[in-house]
1. Return the distance in nm (one decimal) between the two label points of a simple spin-label model at Leu89 and Ser63, each offset 7 Å from Cα along Cα→Cβ.
2. Would you mind computing, in nm to one decimal, how far apart the modelled labels at Val82 and Thr48 are, each placed 7 Å from Cα along Cα→Cβ?
3. For the chain, treating each Cα as an identical point scatterer without solvent, what Debye log10 I(q)/I(0) comes out at q = 0.24 1/Å?
4. Quick one: net charge around Ser14, please, counting Lys, Arg +1 and Asp, Glu -1 for every other residue with C-beta under 14 Å from its C-beta.
5. What net charge do the residues around Gly74 carry, taking every other residue with its C-beta under 14 Å from that of Gly74, with Lys and Arg at +1 and Asp and Glu at -1?
Amino acid sequence: MSRRRRNRAVVPGSEHGLNLLKTQVMQNQGYNVNPERPDLVKYEVARTLGVPLTPGYNGQLRSEDAGRVGGPIGGAMVRELVRMAQQQLTEQRNPQR
């Protein structure tokens, strides 16, 4: 039985912003990202890691390999979000006059 999974952002309407973040972060990592389809960067990451990820069903893919692909993407996004939050906090504590 095939089950279609949809990843959705917790905050409705934030998908566009998250896609912009993913595009920026992965371009900074050296990946070629189509700003219209940043979700496709996972195939380029998989290719560089030697993981056989293909469009469509990937039932043969081990969990470990899926994590090797998603980890660098999500990890880079989280690091950037933390950096942005720290910068905001610093600016709030030391406002420019």
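1. 3.2 nm
2. Calculated label separation equals 2.0 nm.
3. Relative scattering, expressed as log10 I(q)/I(0), comes to -1.36.
4. Net local charge, Ser14 excluded: +1.
5. Values: positive: Lys22, Lys42, Arg68, Arg79; negative: Asp39, Glu80.
In short, +2.
Just so you know, all these numbers are worked out from the coordinates, no wet-lab data involved. Quick caveat: nothing in here was measured; it's all calculated off a predicted structure. Positions of Cβ are generated from backbone atoms using ideal geometry, with glycine treated the same way; all protein chains shown enter the neighbour counts.
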